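> Questions regarding the structure given below will be posed in turn.
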Amino acid sequence: MATAVAQLPAVRPPPPPTSSGFDDLEDAEMDNLLSAIDEKKLEQAEMGEPTAYLAYYKYLLPWKQLYLWLNRTYTVPSTSRNFTHREFAFTLQNEAYLRYNSFGSPEDLKREVCRLNPARFEIGPVYSAKPKDRKTVQKTLFKPVSRELVFDIDMTDYDEIRTCCTGKGICKRCWAFISVAVKVLDEMIREDFGYKHLLWVYSGRRGIHCWISDEEACALNDDARRAIIGWVDIIKGSANTTKKVDVGGYVPNGPGNSNNGGNGRALHPSLRRALEGNDGQGPLKMAFVDVILRDQDCFKEKKQWETLLNLLPTSELDAITKLRAKWSTHPFRPSLDKWSDVTEAAAKSKKQGIWKTALEDVILQYTYPRVDTEVSKHLNHLLKSPFVIHPATGKVCVPLTVTQVDKFDPDRDCPSISQLLREMHVATQKNGIDLHKEKGQMSSMRAFWDQTSLKPFVETMDRHVKAIMQDLRQAKKEKDAKSFDF
Ligand SMILES: [Zn+2]
(Lines give C-alpha, C1' and ligand atoms only; values in the text may rest on other atoms or scores of the structure.)
Protein backbone atom coordinates (compact mmCIF):
# COMPACT_ATOMS: atom_id res chain seq x y z
CA MET A 1 0.00 0.00 0.00
CA ALA A 2 2.69 2.47 1.02
CA THR A 3 4.82 1.70 -2.04
CA ALA A 4 1.82 1.84 -4.35
CA VAL A 5 0.96 5.28 -3.12
CA ALA A 6 4.56 6.37 -3.36
CA GLN A 7 4.52 5.43 -7.05
CA LEU A 8 1.70 7.79 -7.82
CA PRO A 9 2.48 10.72 -10.08
CA ALA A 10 3.60 14.01 -8.62
CA VAL A 11 1.05 15.51 -6.30
CA ARG A 12 -0.04 18.96 -5.42
CA PRO A 13 -0.37 19.92 -1.80
CA PRO A 14 -4.02 20.29 -0.81
CA PRO A 15 -5.40 23.70 -1.79
CA PRO A 16 -6.19 26.09 1.04
CA PRO A 17 -9.75 25.87 2.37
CA THR A 18 -12.33 27.94 0.54
CA SER A 19 -15.94 28.42 1.36
CA SER A 20 -17.47 26.74 -1.64
CA GLY A 21 -14.77 24.31 -2.69
CA PHE A 22 -15.15 22.76 -6.06
CA ASP A 23 -17.26 25.39 -7.71
CA ASP A 24 -14.38 27.80 -7.29
CA LEU A 25 -11.94 25.67 -9.21
CA GLU A 26 -10.10 27.57 -11.87
CA ASP A 27 -11.37 27.06 -15.39
CA ALA A 28 -8.00 25.73 -16.42
CA GLU A 29 -8.18 23.09 -13.75
CA MET A 30 -11.67 22.13 -14.82
CA ASP A 31 -10.52 21.77 -18.42
CA ASN A 32 -7.71 19.66 -17.16
CA LEU A 33 -10.18 17.48 -15.33
CA LEU A 34 -12.49 17.08 -18.28
CA SER A 35 -9.71 16.27 -20.66
CA ALA A 36 -8.78 13.41 -18.33
CA ILE A 37 -12.00 11.83 -19.48
CA ASP A 38 -10.69 11.90 -23.01
CA GLU A 39 -10.33 8.28 -23.98
CA LYS A 40 -6.88 8.50 -25.48
CA LYS A 41 -5.51 10.36 -22.52
CA LEU A 42 -7.06 7.86 -20.18
CA GLU A 43 -5.23 5.02 -21.88
CA GLN A 44 -1.96 6.74 -21.07
CA ALA A 45 -3.01 7.89 -17.66
CA GLU A 46 -1.63 6.19 -14.62
CA MET A 47 -4.29 4.54 -12.52
CA GLY A 48 -3.52 6.98 -9.78
CA GLU A 49 -3.74 10.05 -11.98
CA PRO A 50 -5.13 12.73 -9.65
CA THR A 51 -7.36 14.22 -12.35
CA ALA A 52 -8.99 10.83 -12.87
CA TYR A 53 -9.69 10.62 -9.13
CA LEU A 54 -11.18 14.05 -9.12
CA ALA A 55 -13.44 13.23 -12.05
CA TYR A 56 -14.52 10.06 -10.29
CA TYR A 57 -15.39 11.87 -7.03
CA LYS A 58 -17.13 14.59 -8.91
CA TYR A 59 -19.22 12.62 -11.36
CA LEU A 60 -19.37 8.98 -10.38
CA LEU A 61 -19.13 8.21 -6.68
CA PRO A 62 -22.67 7.59 -5.38
CA TRP A 63 -22.59 10.15 -2.56
CA LYS A 64 -26.29 9.95 -1.86
CA GLN A 65 -26.24 6.20 -1.20
CA LEU A 66 -23.12 6.52 0.93
CA TYR A 67 -24.74 9.26 2.96
CA LEU A 68 -28.07 7.49 3.50
CA TRP A 69 -26.26 4.34 4.55
CA LEU A 70 -24.18 6.13 7.18
CA ASN A 71 -26.95 8.46 8.28
CA ARG A 72 -29.36 5.65 9.28
CA THR A 73 -32.62 7.53 9.73
CA TYR A 74 -36.11 6.56 8.73
CA THR A 75 -36.85 9.93 7.17
CA VAL A 76 -35.21 11.70 4.28
CA PRO A 77 -33.73 14.22 4.34
CA SER A 78 -32.90 14.56 7.99
CA THR A 79 -29.25 14.52 8.76
CA SER A 80 -28.57 12.64 11.98
CA ARG A 81 -25.65 12.48 14.36
CA ASN A 82 -24.75 9.22 12.65
CA PHE A 83 -23.54 11.46 9.87
CA THR A 84 -22.69 14.81 11.44
CA HIS A 85 -20.70 13.29 14.32
CA ARG A 86 -18.99 10.72 12.13
CA GLU A 87 -15.25 10.69 11.59
CA PHE A 88 -13.86 10.69 8.06
CA ALA A 89 -10.14 10.25 7.51
CA PHE A 90 -8.41 11.21 4.27
CA THR A 91 -5.24 9.78 2.80
CA LEU A 92 -4.00 12.41 0.40
CA GLN A 93 -2.17 11.62 -2.82
CA ASN A 94 1.07 12.60 -1.07
CA GLU A 95 0.27 10.13 1.74
CA ALA A 96 -0.55 12.80 4.31
CA TYR A 97 -3.22 11.44 6.62
CA LEU A 98 -5.94 13.76 7.87
CA ARG A 99 -8.10 12.51 10.72
CA TYR A 100 -11.14 13.78 12.61
CA ASN A 101 -12.97 15.39 9.72
CA SER A 102 -16.73 15.65 10.00
CA PHE A 103 -19.43 17.21 7.86
CA GLY A 104 -22.85 18.74 8.28
CA SER A 105 -24.20 17.42 5.00
CA PRO A 106 -23.31 15.04 2.18
CA GLU A 107 -22.74 18.08 -0.03
CA ASP A 108 -20.07 19.31 2.39
CA LEU A 109 -18.41 15.91 2.37
CA LYS A 110 -18.39 15.78 -1.41
CA ARG A 111 -17.05 19.32 -1.67
CA GLU A 112 -14.18 18.57 0.72
CA VAL A 113 -13.31 15.32 -1.02
CA CYS A 114 -13.22 17.15 -4.34
CA ARG A 115 -11.05 19.88 -2.82
CA LEU A 116 -8.56 17.52 -1.19
CA ASN A 117 -8.80 14.90 -3.93
CA PRO A 118 -7.53 12.14 -1.60
CA ALA A 119 -6.18 8.79 -2.74
CA ARG A 120 -8.82 7.25 -0.51
CA PHE A 121 -10.91 7.95 2.55
CA GLU A 122 -11.91 5.94 5.56
CA ILE A 123 -14.96 5.88 7.77
CA GLY A 124 -14.69 5.87 11.53
CA PRO A 125 -17.15 5.91 14.41
CA VAL A 126 -19.82 8.35 15.45
CA TYR A 127 -18.46 10.43 18.36
CA SER A 128 -20.19 12.12 21.24
CA ALA A 129 -19.30 15.46 19.63
CA LYS A 130 -18.47 16.50 16.09
CA PRO A 131 -14.96 15.20 15.38
CA LYS A 132 -13.94 18.50 13.76
CA ASP A 133 -14.80 20.27 17.04
CA ARG A 134 -12.93 17.84 19.27
CA LYS A 135 -10.39 20.43 20.38
CA THR A 136 -13.12 22.64 21.73
CA VAL A 137 -14.76 19.95 23.86
CA GLN A 138 -13.44 18.58 27.09
CA LYS A 139 -11.26 15.57 26.38
CA THR A 140 -13.29 13.17 28.50
CA LEU A 141 -16.45 14.20 26.71
CA PHE A 142 -15.12 13.30 23.30
CA LYS A 143 -15.49 9.57 22.80
CA PRO A 144 -16.72 7.12 20.16
CA VAL A 145 -20.31 6.08 20.80
CA SER A 146 -21.34 3.96 17.86
CA ARG A 147 -20.22 2.44 14.63
CA GLU A 148 -21.00 -0.44 12.31
CA LEU A 149 -19.64 -3.79 13.42
CA VAL A 150 -17.03 -4.69 10.81
CA PHE A 151 -15.22 -7.79 9.64
CA ASP A 152 -12.23 -8.04 7.36
CA ILE A 153 -11.18 -11.10 5.40
CA ASP A 154 -7.91 -10.84 3.54
CA MET A 155 -6.25 -13.25 1.13
CA THR A 156 -2.97 -12.79 3.03
CA ASP A 157 -4.31 -15.10 5.71
CA TYR A 158 -4.75 -17.81 3.07
CA ASP A 159 -1.19 -17.66 1.74
CA GLU A 160 -0.17 -20.86 3.49
CA ILE A 161 -3.08 -22.77 1.91
CA ARG A 162 -3.66 -21.38 -1.57
CA THR A 163 -1.47 -22.75 -4.34
CA CYS A 164 -2.55 -20.65 -7.35
CA CYS A 165 -1.24 -17.21 -6.33
CA THR A 166 1.07 -15.67 -3.75
CA GLY A 167 1.47 -12.28 -2.12
CA LYS A 168 -0.62 -9.56 -3.67
CA GLY A 169 -1.94 -11.76 -6.46
CA ILE A 170 -5.54 -12.89 -6.58
CA CYS A 171 -7.51 -14.80 -9.18
CA LYS A 172 -10.94 -16.32 -9.60
CA ARG A 173 -9.60 -19.59 -8.12
CA CYS A 174 -8.36 -18.22 -4.82
CA TRP A 175 -11.38 -15.92 -4.64
CA ALA A 176 -13.21 -19.21 -3.88
CA PHE A 177 -11.70 -19.05 -0.35
CA ILE A 178 -13.23 -15.61 0.12
CA SER A 179 -16.50 -16.81 -1.30
CA VAL A 180 -16.87 -19.70 1.15
CA ALA A 181 -15.75 -17.49 4.03
CA VAL A 182 -18.45 -14.97 3.16
CA LYS A 183 -21.12 -17.64 2.89
CA VAL A 184 -20.28 -19.12 6.30
CA LEU A 185 -19.71 -15.83 8.10
CA ASP A 186 -22.86 -14.27 6.68
CA GLU A 187 -24.99 -17.16 7.88
CA MET A 188 -23.28 -17.23 11.26
CA ILE A 189 -23.82 -13.52 11.86
CA ARG A 190 -27.47 -13.77 10.89
CA GLU A 191 -28.23 -17.00 12.74
CA ASP A 192 -26.06 -16.70 15.84
CA PHE A 193 -26.25 -12.96 16.42
CA GLY A 194 -29.52 -12.14 14.70
CA TYR A 195 -28.17 -9.21 12.67
CA LYS A 196 -29.81 -8.48 9.34
CA HIS A 197 -28.14 -5.55 7.67
CA LEU A 198 -24.85 -6.88 6.37
CA LEU A 199 -23.04 -5.10 3.57
CA TRP A 200 -20.16 -6.96 1.93
CA VAL A 201 -17.66 -4.74 0.14
CA TYR A 202 -14.79 -5.89 -2.07
CA SER A 203 -11.61 -4.19 -0.88
CA GLY A 204 -10.40 -3.49 -4.42
CA ARG A 205 -7.53 -5.96 -4.35
CA ARG A 206 -7.61 -9.22 -2.43
CA GLY A 207 -10.04 -8.98 0.42
CA ILE A 208 -13.54 -8.22 1.49
CA HIS A 209 -15.11 -6.21 4.31
CA CYS A 210 -18.43 -6.70 6.03
CA TRP A 211 -20.26 -3.73 7.57
CA ILE A 212 -23.18 -4.49 9.87
CA SER A 213 -25.60 -1.60 10.33
CA ASP A 214 -28.18 -3.04 12.74
CA GLU A 215 -28.76 -0.57 15.58
CA GLU A 216 -27.78 -3.18 18.19
CA ALA A 217 -24.57 -3.96 16.34
CA CYS A 218 -23.63 -0.29 16.02
CA ALA A 219 -24.15 0.20 19.74
CA LEU A 220 -21.76 -2.59 20.83
CA ASN A 221 -18.88 -1.52 23.03
CA ASP A 222 -15.31 -2.77 22.61
CA ASP A 223 -15.77 -5.66 25.05
CA ALA A 224 -18.78 -6.96 23.17
CA ARG A 225 -16.96 -6.58 19.86
CA ARG A 226 -14.00 -8.53 21.22
CA ALA A 227 -16.35 -11.25 22.46
CA ILE A 228 -17.98 -11.57 19.05
CA ILE A 229 -14.71 -11.72 17.17
CA GLY A 230 -13.45 -14.27 19.71
CA TRP A 231 -16.43 -16.38 18.84
CA VAL A 232 -15.87 -16.12 15.10
CA ASP A 233 -12.11 -16.57 15.17
CA ILE A 234 -11.23 -20.25 15.50
CA ILE A 235 -8.15 -20.44 13.27
CA LYS A 236 -5.22 -19.59 15.54
CA GLY A 237 -1.46 -19.58 15.44
CA SER A 238 1.29 -18.51 13.08
CA ALA A 239 2.52 -20.10 9.86
CA ASN A 240 4.64 -22.43 12.02
CA THR A 241 1.69 -23.77 13.99
CA THR A 242 0.58 -27.06 12.46
CA LYS A 243 -2.72 -27.51 14.23
CA LYS A 244 -4.63 -24.25 14.22
CA VAL A 245 -8.09 -25.36 15.28
CA ASP A 246 -9.16 -26.15 18.81
CA VAL A 247 -12.91 -26.41 19.12
CA GLY A 248 -13.00 -29.20 21.69
CA GLY A 249 -11.50 -32.64 21.27
CA TYR A 250 -12.90 -36.11 21.35
CA VAL A 251 -14.25 -37.19 24.75
CA PRO A 252 -14.56 -40.99 25.16
CA ASN A 253 -18.15 -41.80 26.03
CA GLY A 254 -18.91 -38.10 25.96
CA PRO A 255 -22.41 -36.88 25.35
CA GLY A 256 -21.63 -36.00 21.77
CA ASN A 257 -24.20 -34.18 19.83
CA SER A 258 -27.37 -35.50 18.28
CA ASN A 259 -26.03 -34.69 14.80
CA ASN A 260 -22.77 -36.25 15.75
CA GLY A 261 -23.98 -39.78 16.17
CA GLY A 262 -23.24 -39.39 19.86
CA ASN A 263 -19.60 -40.26 19.31
CA GLY A 264 -18.00 -38.00 21.78
CA ARG A 265 -17.70 -34.40 20.62
CA ALA A 266 -20.26 -31.69 21.13
CA LEU A 267 -19.39 -29.27 18.36
CA HIS A 268 -21.15 -25.92 18.53
CA PRO A 269 -24.30 -26.00 16.34
CA SER A 270 -22.97 -23.09 14.33
CA LEU A 271 -19.84 -25.00 13.31
CA ARG A 272 -21.85 -28.19 12.85
CA ARG A 273 -24.16 -26.30 10.48
CA ALA A 274 -21.24 -24.89 8.49
CA LEU A 275 -19.77 -28.37 8.16
CA GLU A 276 -22.87 -30.46 7.58
CA GLY A 277 -25.62 -28.14 6.33
CA ASN A 278 -29.03 -29.78 6.26
CA ASP A 279 -28.00 -32.76 4.21
CA GLY A 280 -24.54 -33.61 5.54
CA GLN A 281 -22.92 -31.37 2.90
CA GLY A 282 -22.51 -27.93 4.41
CA PRO A 283 -20.52 -25.14 2.75
CA LEU A 284 -17.24 -26.10 4.45
CA LYS A 285 -17.38 -29.75 3.40
CA MET A 286 -18.30 -28.75 -0.14
CA ALA A 287 -15.49 -26.22 -0.28
CA PHE A 288 -13.05 -28.76 1.11
CA VAL A 289 -13.72 -31.13 -1.78
CA ASP A 290 -14.16 -28.55 -4.55
CA VAL A 291 -11.53 -26.00 -3.59
CA ILE A 292 -8.98 -27.65 -1.32
CA LEU A 293 -8.82 -31.15 -2.80
CA ARG A 294 -9.90 -30.74 -6.40
CA ASP A 295 -8.95 -27.24 -7.50
CA GLN A 296 -6.09 -26.10 -5.27
CA ASP A 297 -4.71 -29.62 -4.77
CA CYS A 298 -3.50 -28.54 -1.37
CA PHE A 299 -1.85 -31.83 -0.37
CA LYS A 300 0.09 -32.31 -3.58
CA GLU A 301 3.61 -31.70 -2.37
CA LYS A 302 5.51 -33.42 0.39
CA LYS A 303 5.52 -30.46 2.75
CA GLN A 304 1.77 -30.13 2.28
CA TRP A 305 0.91 -33.78 2.83
CA GLU A 306 3.23 -33.96 5.80
CA THR A 307 1.10 -31.22 7.36
CA LEU A 308 -1.98 -33.33 6.73
CA LEU A 309 -0.35 -36.39 8.32
CA ASN A 310 0.56 -34.29 11.35
CA LEU A 311 -3.08 -33.36 11.80
CA LEU A 312 -4.25 -37.00 11.98
CA PRO A 313 -4.84 -38.66 15.39
CA THR A 314 -1.46 -39.13 17.05
CA SER A 315 -2.61 -42.39 18.62
CA GLU A 316 -3.02 -43.89 15.12
CA LEU A 317 0.68 -44.21 14.34
CA ASP A 318 0.36 -47.41 12.33
CA ALA A 319 -2.16 -45.93 9.95
CA ILE A 320 -0.12 -42.76 9.56
CA THR A 321 3.05 -44.74 8.85
CA LYS A 322 1.24 -46.67 6.12
CA LEU A 323 -0.09 -43.48 4.54
CA ARG A 324 3.36 -41.90 4.62
CA ALA A 325 4.87 -44.95 2.94
CA LYS A 326 2.23 -44.95 0.22
CA TRP A 327 2.55 -41.23 -0.52
CA SER A 328 6.34 -41.38 -0.51
CA THR A 329 6.17 -43.93 -3.34
CA HIS A 330 3.57 -41.80 -5.20
CA PRO A 331 4.47 -38.32 -4.00
CA PHE A 332 2.25 -36.46 -6.46
CA ARG A 333 -0.84 -38.56 -5.97
CA PRO A 334 -3.74 -36.05 -6.31
CA SER A 335 -5.09 -34.59 -3.07
CA LEU A 336 -8.52 -36.07 -3.76
CA ASP A 337 -6.98 -39.57 -3.76
CA LYS A 338 -4.84 -38.85 -0.71
CA TRP A 339 -7.96 -37.78 1.17
CA SER A 340 -9.67 -41.05 0.11
CA ASP A 341 -6.66 -42.91 1.56
CA VAL A 342 -7.17 -41.03 4.82
CA THR A 343 -10.91 -41.72 5.05
CA GLU A 344 -10.27 -45.41 4.25
CA ALA A 345 -7.77 -45.59 7.09
CA ALA A 346 -10.35 -43.94 9.36
CA ALA A 347 -13.04 -46.41 8.30
CA LYS A 348 -10.77 -49.35 9.20
CA SER A 349 -10.02 -47.99 12.65
CA LYS A 350 -11.90 -48.91 15.81
CA LYS A 351 -11.50 -45.35 17.06
CA GLN A 352 -14.17 -43.74 14.90
CA GLY A 353 -14.82 -40.79 17.20
CA ILE A 354 -11.17 -39.78 17.34
CA TRP A 355 -10.85 -39.92 13.55
CA LYS A 356 -14.06 -38.06 12.92
CA THR A 357 -12.96 -35.27 15.27
CA ALA A 358 -9.53 -35.01 13.65
CA LEU A 359 -10.88 -34.96 10.10
CA GLU A 360 -13.47 -32.32 10.96
CA ASP A 361 -10.68 -30.20 12.40
CA VAL A 362 -8.70 -30.59 9.16
CA ILE A 363 -11.71 -29.41 7.14
CA LEU A 364 -12.22 -26.45 9.49
CA GLN A 365 -8.55 -25.53 9.37
CA TYR A 366 -8.53 -25.42 5.57
CA THR A 367 -11.91 -23.85 4.86
CA TYR A 368 -13.22 -21.92 7.86
CA PRO A 369 -13.21 -18.08 7.50
CA ARG A 370 -9.91 -16.49 8.48
CA VAL A 371 -10.70 -13.04 9.77
CA ASP A 372 -8.36 -10.19 10.57
CA THR A 373 -9.47 -9.85 14.19
CA GLU A 374 -7.87 -6.46 14.91
CA VAL A 375 -10.25 -4.71 12.53
CA SER A 376 -13.34 -5.84 14.44
CA LYS A 377 -12.24 -5.26 18.04
CA HIS A 378 -12.54 -1.52 18.40
CA LEU A 379 -15.37 0.90 18.03
CA ASN A 380 -12.98 3.54 16.74
CA HIS A 381 -11.35 1.52 14.00
CA LEU A 382 -11.23 3.28 10.64
CA LEU A 383 -12.10 1.29 7.56
CA LYS A 384 -11.86 2.20 3.89
CA SER A 385 -15.17 3.50 2.60
CA PRO A 386 -17.22 1.59 0.04
CA PHE A 387 -16.85 3.03 -3.48
CA VAL A 388 -13.36 4.47 -3.00
CA ILE A 389 -10.63 3.41 -5.42
CA HIS A 390 -7.91 1.01 -4.40
CA PRO A 391 -4.81 3.05 -5.29
CA ALA A 392 -2.74 0.03 -6.34
CA THR A 393 -5.27 -1.54 -8.69
CA GLY A 394 -7.50 1.35 -9.72
CA LYS A 395 -10.50 -0.84 -8.86
CA VAL A 396 -13.57 0.41 -7.07
CA CYS A 397 -14.45 -1.06 -3.65
CA VAL A 398 -17.86 -2.31 -4.71
CA PRO A 399 -20.64 -3.69 -2.50
CA LEU A 400 -21.66 -7.27 -3.25
CA THR A 401 -24.48 -9.55 -2.14
CA VAL A 402 -23.52 -13.03 -0.97
CA THR A 403 -24.75 -14.44 -4.29
CA GLN A 404 -22.74 -11.86 -6.19
CA VAL A 405 -19.64 -12.74 -4.14
CA ASP A 406 -19.99 -16.33 -5.26
CA LYS A 407 -19.93 -15.42 -8.96
CA PHE A 408 -17.51 -12.51 -8.65
CA ASP A 409 -14.22 -12.56 -10.50
CA PRO A 410 -12.11 -9.72 -9.10
CA ASP A 411 -10.13 -9.52 -12.36
CA ARG A 412 -13.08 -9.43 -14.70
CA ASP A 413 -16.10 -8.11 -12.79
CA CYS A 414 -14.80 -5.19 -10.77
CA PRO A 415 -14.90 -1.87 -12.63
CA SER A 416 -11.77 0.25 -12.59
CA ILE A 417 -11.64 4.01 -12.46
CA SER A 418 -10.35 4.36 -16.01
CA GLN A 419 -12.99 1.98 -17.34
CA LEU A 420 -15.75 3.95 -15.60
CA LEU A 421 -14.53 7.30 -16.85
CA ARG A 422 -14.33 5.89 -20.34
CA GLU A 423 -17.88 4.57 -20.10
CA MET A 424 -19.10 7.89 -18.77
CA HIS A 425 -17.35 9.70 -21.61
CA VAL A 426 -19.08 7.51 -24.18
CA ALA A 427 -22.48 7.86 -22.49
CA THR A 428 -22.33 11.64 -22.11
CA GLN A 429 -21.33 12.00 -25.76
CA LYS A 430 -24.10 9.71 -26.88
CA ASN A 431 -26.73 11.46 -24.78
CA GLY A 432 -25.48 14.93 -25.60
CA ILE A 433 -24.57 15.78 -22.00
CA ASP A 434 -22.08 18.61 -21.82
CA LEU A 435 -20.01 18.12 -18.70
CA HIS A 436 -18.79 21.72 -18.97
CA LYS A 437 -22.37 22.85 -18.51
CA GLU A 438 -22.74 20.57 -15.52
CA LYS A 439 -20.01 22.57 -13.85
CA GLY A 440 -22.38 24.88 -12.05
CA GLN A 441 -24.28 22.02 -10.48
CA MET A 442 -21.37 20.20 -9.06
CA SER A 443 -22.14 20.80 -5.45
CA SER A 444 -25.33 18.85 -6.13
CA MET A 445 -25.54 15.10 -5.79
CA ARG A 446 -25.95 14.59 -9.53
CA ALA A 447 -24.00 11.52 -10.52
CA PHE A 448 -23.44 9.58 -13.69
CA TRP A 449 -22.82 6.16 -12.23
CA ASP A 450 -26.06 4.96 -13.82
CA GLN A 451 -24.41 5.39 -17.23
CA THR A 452 -21.61 2.98 -16.34
CA SER A 453 -20.89 -0.53 -15.11
CA LEU A 454 -20.93 0.85 -11.57
CA LYS A 455 -24.73 0.78 -11.78
CA PRO A 456 -25.46 -2.77 -10.49
CA PHE A 457 -23.22 -2.17 -7.47
CA VAL A 458 -24.90 1.10 -6.60
CA GLU A 459 -28.23 -0.67 -6.92
CA THR A 460 -27.03 -3.30 -4.44
CA MET A 461 -26.19 -0.46 -2.06
CA ASP A 462 -29.59 1.12 -2.75
CA ARG A 463 -31.47 -2.04 -1.80
CA HIS A 464 -29.35 -2.39 1.33
CA VAL A 465 -30.05 1.19 2.40
CA LYS A 466 -33.78 0.81 1.73
CA ALA A 467 -33.95 -2.28 3.92
CA ILE A 468 -32.24 -0.43 6.78
CA MET A 469 -34.62 2.51 6.48
CA GLN A 470 -37.62 0.22 6.26
CA ASP A 471 -36.60 -1.44 9.51
CA LEU A 472 -36.04 1.87 11.28
CA ARG A 473 -39.47 3.05 10.14
CA GLN A 474 -41.04 -0.14 11.46
CA ALA A 475 -39.25 0.20 14.80
CA LYS A 476 -40.43 3.80 15.07
CA LYS A 477 -44.03 2.76 14.34
CA GLU A 478 -43.92 0.09 17.02
CA LYS A 479 -42.42 2.52 19.50
CA ASP A 480 -45.11 5.11 18.74
CA ALA A 481 -47.85 2.51 19.05
CA LYS A 482 -46.51 1.46 22.45
CA SER A 483 -46.43 5.01 23.73
CA PHE A 484 -50.14 5.27 22.88
CA ASP A 485 -50.85 2.35 25.17
CA PHE A 486 -50.26 4.48 28.22
ZN1 LIG B 1 -5.25 -17.39 -7.21
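The values are calculated or read from the model by the stated rules, or taken from the named source; none is laboratory data. Because the structure is a prediction, the values reported are computed rather than measured. Note: ideal-geometry Cβ built from the backbone for every residue, glycine included; neighbour counts use all protein chains shown.
> Step by step: first the residues of the stretch 468-486, then only those that are hydrophobic (A, V, I, L, M, F, W, C) and surrounded by 13 or more Cβ atoms within 10 Å (Cβ to Cβ), then the one that is farthest from LEU61 (Cα to Cα). Which residue is that?
Restricting to residues being hydrophobic (A, V, I, L, M, F, W, C) and surrounded by 13 or more Cβ atoms within 10 Å (Cβ to Cβ), the top hit is LEU472.
> Identify, from the list VAL184, VAL180, the residue that is surrounded by 19 or more Cβ atoms within 10 Å (Cβ to Cβ), more than 16 Å from the ligand (Cβ to nearest atom) and among the aliphatic types (A, V, I, L, M).
Of VAL184, VAL180, the one residue that is surrounded by 19 or more Cβ atoms within 10 Å (Cβ to Cβ), more than 16 Å from the ligand (Cβ to nearest atom) and among the aliphatic types (A, V, I, L, M) is VAL184.
> Considering only the stretch 308-391, give the helices (runs of 4 or more DSSP H) lying wholly within it that have at least 3 residues that are in contact with a strand residue (DSSP E or B) (Cβ under 7 Å, 6 or more places away or on another chain).
Working: elements: 317-329, 335-348, 352-367, 373-377.
It comes to 352-367.
> Please tell me if ARG134 is charged (D, E, K, R), surrounded by fewer than 20 Cβ atoms within 10 Å (Cβ to Cβ) and more than 16 Å from the ligand (Cβ to nearest atom).
Numbers: charged (D, E, K, R): yes; surrounded by fewer than 20 Cβ atoms within 10 Å (Cβ to Cβ): yes; more than 16 Å from the ligand (Cβ to nearest atom): yes.
Yes; evaluated as a whole, the condition is true for this residue.
> Shifting gears a bit: Quick one: would you say TRP211 is touching a residue at least 12 places away in the same chain (Cβ under 8 Å), assigned to a helix (DSSP H, G or I) and either surrounded by 16 or more Cβ atoms within 10 Å (Cβ to Cβ) or at positive phi (or both)?
In short, no.
> Okay, moving on. Looking only at the stretch 150-166, decide whether some residue is among the polar types (S, T, N, Q), more than 16 Å from the ligand (Cβ to nearest atom) and touching a residue at least 40 places away in the same chain (Cβ under 8 Å).
no
> Being over 23 Å from LYS143 (Cα atoms) and modelled with pLDDT of 95 or more narrows it down to one residue among GLU112, GLU107; which is it? So that I can check it myself, show each step before the final result.
Numbers: GLU107 fails: modelled with pLDDT of 95 or more.
Answer to the check: GLU112.
A quick yes/no check of all residues on (1) surrounded by 14 or more Cβ atoms within 10 Å (Cβ to Cβ); (2) assigned to a loop (DSSP other than H, G, I, E, B); (3) modelled with pLDDT of 95 or more; (4) among the basic types (Lys, Arg):
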residue: ASP406; (1), (2), (3), (4): yes, no, no, no
residue: ARG422; (1), (2), (3), (4): yes, no, no, yes
residue: GLN429; (1), (2), (3), (4): no, no, no, no
residue: LYS439; (1), (2), (3), (4): yes, no, no, yes
residue: SER443; (1), (2), (3), (4): yes, yes, no, no
residue: PHE457; (1), (2), (3), (4): yes, no, yes, no
